[in-house]
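So the structure is just underneath, and the comments pick up after that.
The values are calculated or read from the model by the stated rules, or taken from the named source; none is laboratory data. Since the model is a prediction, treat every value here as computed from it, not as a measurement. So basically every Cβ, Gly included, is an ideal-geometry build from the backbone, and we count neighbours across all protein chains shown.
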Protein chains: 2
Amino acid sequence: MARTQKSADDPRRRILDVAAAAFAASGFEGARVDQIAKRAAVNKAMLYYHVGDKDVLYETILLETIEDALARIAAATASSKTAEDRLRSTVATIADTARRHSHFAPLMLRELASGGATLPDRVMQRMRDVFQAVRDALEQGTRSGEFRAVDPVATHMFIAGSLLVLLAGGPIRRRIRQLTDVPKVSVADRSPADIASFVCDVVLEGLRPPAAPRALRRRTPLKKKN
Amino acid sequence: MARTQKSADDPRRRILDVAAAAFAASGFEGARVDQIAKRAAVNKAMLYYHVGDKDVLYETILLETIEDALARIAAATASSKTAEDRLRSTVATIADTARRHSHFAPLMLRELASGGATLPDRVMQRMRDVFQAVRDALEQGTRSGEFRAVDPVATHMFIAGSLLVLLAGGPIRRRIRQLTDVPKVSVADRSPADIASFVCDVVLEGLRPPAAPRALRRRTPLKKKN
DNA sequence: ATTCAGTTTAACTAAATGGTTAGCTGAACC
DNA sequence: GGTTCAGCTAACCATTTAGTTAAACTGAAT
């Protein structure tokens, strides 16, 4: 029992959650083991006892999140018929992963920034599988003619970039808003699901084959405000 | 003379360049002052003498880059008539800034990840001006009817996100490619100018008003490969 | 020769960091 | 009663870190 409990008073769980927030906020090198232990209300030695050193801590958090994302993507796309459905399901699932693990987007952005220099190989390989899922949907659409011939790598980076920045951009947007006193509400402030829809809408608009009849288009309605 | 020289043997210039690379690679907290001094081939005390402490170093680098970007955006958009021209010029200029200051995209991604927590106010304000430039183009297009009614904040985050990730994604793409042995070439591996065009193409496709005649569309041609 | 601002250096400090150790506790088990 | 053992703690350690100091060098003006 002691090994598998997932409740909030499981010290291991607490450590991982606190560490994820710390890594997201300050990066791997900026996060402080002492501070993580303190915030998780455990003695520092317990952190090493329950999880391992800083590298293991980091790898564990990333793997946990990515495995979760992969499992959900597989489940969500199992019944997808069209490429559009598949792309929307995949992107929505990634966005939902970011919602449930709020450290996900910041960590990915940091890894992008450092070129994955600190990414353990095991994590790298699973990340590639996530990338592959998006690319599969794109290539399926290209093959079937549902999408126009498209550069899958560039399009994937495009989707990943806009999605991650929209998801992680909340705090910085809030800071800018303070300076500009523009109290408007934007799609960017909506739920991850809405953000995923927005990204898919714009991208699908670009992926549609040139001659596709208008009637086929389906746009997720999103209230617009001035 | 000694104060304003910009050549490579100006120690201040060398320090700033090396530090920019270090901050981009490891983040503010991960970058090491000793290492920066060593790589710039100056005594550490010289770094403090010529530039200042780590915060000043960071702020100087960011401000330098952003001021440069702002000046170039102003110059590039001065003659823009249509909103599309203006948007393309702005985005292309930002991409070109990233080309000329290779640390720019990673630094921005990191700041996004941390919510701008470590951004000095002065930098924050100038960044806002860059954001404003993109948003101005979007709002001009919406007002003139050139673009459909669009969420300027979300669209801007969309553009910034895809652009930054495409620009900074080279190294991680290379690492993934090693694992997947997919030696394909993608738009993502082209020049910043091509990347900017690609982003603008996809976004403009989404911004086009629904009833716009096909003839008005202009797509930058980009070789497609399988 | 002296002065003097600008520049450079090696050596230093105080604090923080990641990681370890030896030992305590209390329940389970014989 | 004694042993075991996962869970836990306080104190410690070696190293690294950002930042400082005081002394010295340089080269031109006086």
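Couple of notes before you dig in:
- Of all residues in the range B:26-52, those that are not assigned by TED's automatic domain parsing to the domain that holds B:P106 have Cβ atoms under 8 Å from Cβ atoms of residues that are near DNA strand D (Cβ under 7 Å from one of its atoms) and outside any helix (DSSP H, G or I), 6 or more apart or on another chain, in B:S26/B:R32.
- Against the list (1) buried (at least 16 other Cβ atoms within 10 Å of the Cβ); (2) within 16 Å of DNA strand C (Cβ to nearest atom); (3) of a type in the set (F, W, Y), the condition A:F104 fails is (2).
- Consider the range B:49-70 and keep the residues that are within 12 Å of DNA strand D (Cβ to nearest atom) and of a type in the set (V, I, T). The one that is farthest from the chain's Cα centre (by Cα) is B:V51.
- Selection from the range A:160-191 of residues that are surrounded by 23 or more Cβ atoms within 10 Å (Cβ to Cβ) and more than 8 Å from chain B (Cβ to nearest Cβ): A:L167
- If only residues of the range B:34-48 that are surrounded by fewer than 13 Cβ atoms within 10 Å (Cβ to Cβ) and near DNA strand D (Cβ under 9 Å from one of its atoms) are counted, the one that is nearest to the other protein chains (Cβ to nearest Cβ) is B:D34.
- Residue within the range A:108-122 that is of a type in the set (V, I, T), within 16 Å of DNA strand C (Cβ to nearest atom) and either in the same structural domain as A:I15 (by TED's automatic domain parsing) or more than 22 Å from B:G169 (Cα to Cα) (or both) present: no
- When we screen A:R13, A:R88 for residues that are without any contact (Cβ under 8 Å) to a residue 12 or more places away in the chain and either more than 16 Å from DNA strand D (Cβ to nearest atom) or away from chain B (no Cβ under 14 Å) (or both), the only hit is A:R13.
- Flag for B:L138 being more than 8 Å from chain A (Cβ to nearest Cβ), assigned to a helix (DSSP H, G or I) and crowded, with 23+ Cβ neighbours inside 10 Å: yes
- Residue match in the range B:71-85 (condition: within 14 Å of another protein chain (Cβ to nearest Cβ) and either at pLDDT below 95 or within 15 Å of DNA strand D (Cβ to nearest atom) (or both)): no
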